Amino acid sequence: MKGKTPKTFAMLLLASALAITAGCSGSGGGTTASETPTDTGDTTSPITFTFFGADASPNWNNMKDAVGQEITKQTGVTIEAEYDVNNGGDQKIPLMAASGDYPDIIYPKGNLSKLVDADAMLDLTDLIDQYAPNLKKIYGDQMNRLKYSLEDQSIYTIPTNMGVDNVAFDATGGFEIQQKVLKELGYPEVKTLEDYEKVLKEYYAKHPTIDGQPTIPLTLNADDWKIMITVTNPAFQATGGPDDGEYYINPETYEAVLHYKRPEEKEYFRWLNKMYNEGILDKDTFVQKDDQYKSKIASGRVLGLIDQEWNYSEAENALKSVNNGENTYAHFSVSLNKDIVDHTFQPTGFDGYGIGISKTAKDPVRIIKFMDWLASDEGQVLRNWGIEGEQYKVENGQRIIPEDVQDRKTNDNSAFTKETGVGMYNIFSARYGDGVKDSTGNYYTTNFPEQIQAGYTAAEKETLKAYGITTWKDFYPSEDDLKLKDWGAAYNMPVPSDTDYNVTFQKTQDIIRKRIPEAILAKPEKFDQVYDDLLAELDKAGAVDMEKQYTVWIKERVSLWTGKDVK
């Protein structure tokens, strides 16, 4: 998955429930389903809106940061936010839907269908048309992609977890190896699982301990839903599959199957089984918790990861200021064999999770105007760059991040984000993606080649130079050589909650989370039997009918987005 928060886990419906946190109700003077929001004309007086976000935001500072204070100054709006820590809204949102008690603004991630089925969300179509010129400008001819479904073409959320016309300038996931390992071994070629394995084994043989502790050649994070990020999703990456969550979708027929059924993925898990039985894969992989995983990384003794940077950056940040960052990680495109083409950067077109307004929200017009201001050039520059004279300066018409500020962003990013708020408010409105320039000729975001390269540690720069490349993305096949996916990113597609699909999906996930670890931990001679039993158990749980239903929804999405008559 590409540098982003987790994806497919948001579709899961968990059985346990959390108590509803006080202060998240948007009741009192709200808009009912039968009323049409009207413009009060008020856009600057102080007002507080409640918000629930299905993703964690560990640096949230109650808008006391510099950017948050400026947003309030310009709009009068204060956000009283509650963020989910672990479950992507899987527990909280069903409780909301059952109680009818909603915040004003909701970022439901993959649980939007539960709110739509509960008649909890406003259709934003008319609000955008009447009050949001900046939103209309940004989304432009992509408005069809905001519609909920072929059957219900309402706009319940505006996508905010990715930018419009985004260009990925760097790779922030894949197969990782420490800079110091690569340097000592003379920067070897790393393109296949065999290459990756050889590097880890060779360095481990030379350095069985680091700082008096046992060296860990490779560890993965299988704690709860994160098993998808580091254990199961890499199976399709290493075998040439695009990221469509738990499915592989045939690009010609649009037929969907659980990606675990692909024979080549079985061979990927066989490789992990080999790594475990040879003592290369951390023996605690399937019992350690998230904080234990990060603690090991922060110790500097983990040679390799198979992960996304957002999942371990907190631990890696602690390593950046030590020995020029020699314990930070390089990102490689690694495949089962040299004939496989990595589809990590296969273009999806604009597609993303979004933020919406509940039907109990106070002053929906004020909310959409708030979102529209955030989507203005002024709002986007503030959210991405910070405050002029503090987080950036302008020289000869170009926005520049001063060296001391960049050092803080690189070496102490969590504290920098909490203090400044830079990059923390993107969830609240639409934005242009990386690579898009504003009317002044400056990039809207700070993620462009020159700035990305400036943000690397000294050890990262040394590694990149040794391989003759400028960013980690240069290790990967270009998106220009990969076909655009008509269905976008399937993991973003909301699925109806009023069918048996979610029940069956949860059954298959329970099986996968149990059986995949069993297959990896099995004796080599037992691997085939365990894996074949996994596939049989999935079909017995209803996977075939589930896949057929998902195929129908994929085809409907293609029809909605492209106008094709897909049968």
Cα atoms only, the stretch 201-248: Rg and Dmax in Å? 15.2, 44
Can you list residues from other chains, or at least 5 along the same chain, whose modelled amide H is less than 5 Å from the amide H of M121? K359
Of the listed pairs K191/K514; K73/K320; K180/K461; K283/K526; K92/K359, which have alpha-carbon separations greater than 24 Å here? K191/K514; K73/K320
Amide H neighbours of N221 under 5 Å, counting only residues 5+ apart in sequence or on other chains, H built in-plane at 1.01 Å? T230
Over all viewing directions the Cα convex hull of the stretch 226-268 casts an average projected area in nm² of 2.8 nm²
Neighbour cut-off at most 11 other Cβ (10 Å), DSSP loop, trypsin sites (Lys or Arg not before Pro), the stretch 467-543: K483
With θ set to phi - 60°, apply the Karplus curve 6.51 cos²θ - 1.76 cosθ + 1.60 along the stretch 342-353 and write out the HN-Hα couplings as whole Hz, x wherever there is a Gly or Pro. 5, 9, 3, 9, 4, x, 10, x, 6, 6, x, 6
Starting from a Cα-only point model with no solvent, please compute log10 I(q)/I(0) by Debye for the stretch 253-328 at q = 0.20 1/Å. -0.95
Once amide H atoms are placed 1.01 Å from N in the peptide plane, what residues at a sequence separation of 5 or more from D307, or on another chain, have their amide H within under 5 Å of its amide H? G174, E176
Got a sec to turn the phi values of the stretch 230-235 into Karplus ³J(HN,Hα) couplings, 6.51 cos²θ - 1.76 cosθ + 1.60 with θ = phi - 60°, whole Hz, x for Gly and Pro? 10, 10, 9, 4, x, 5
Report the antiparallel proportion of the DSSP beta bridges in the chain as a percent, rounded to a multiple of 5. 60 percent
Please express the Cα-Cα pair-distance distribution P(r) of the stretch 92-145 as a list of whole percents, one per 10 Å bin, running from 0 to the bin with the greatest distance. 21, 42, 29, 8
With θ taken as phi - 60° and the coefficients 6.51, -1.76 and 1.60, list the Karplus ³J(HN,Hα) couplings across the stretch 52-67 in order, rounded to whole Hz; mark glycine and proline as x. 10, x, 6, 9, 5, 9, x, 9, 4, 10, 6, 6, 8, 6, 4, 5
Which values of log₁₀ I(q)/I(0), to two decimal places, follow from the Debye formula for the stretch 163-245 at q = 0.17, 0.24, 0.26, 0.27 Å⁻¹ with a uniform point scatterer at every Cα? -0.89, -1.27, -1.32, -1.35
With the cut-off at 16 Å, report for the stretch 289-349 the share of all Cα pairs above it, as a whole percent. 53 percent
Isotropic mean projected area of the C-alpha convex hull, the stretch 471-516 (nm²): 5.8 nm²
The Cα extents of the chain along the principal axes, largest first and rounded to whole Å, are 70, 61, 44
Cα gyration tensor category, rounded, prolate or oblate, for the stretch 38-176 with a/c compared to 1.5: rounded
Tell me, what is the percent relative contact order of the chain, built from C-alpha pairs under 8 Å that lie six or more residues apart? 24 percent
Output the direction-averaged projected area (hull surface divided by four) of the convex hull of the alpha-carbon atoms of the stretch 411-495, in nm². 9.0 nm²
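Bear in mind these aren't lab numbers, they're just calculated from the coordinates by the rules spelled out. Predicted, not measured: the structure shown is a model, and the values here were computed from it. A quick note on method: Cβ atoms are made from the backbone with ideal geometry, for glycine too, and the neighbour counts reach across all protein chains shown.
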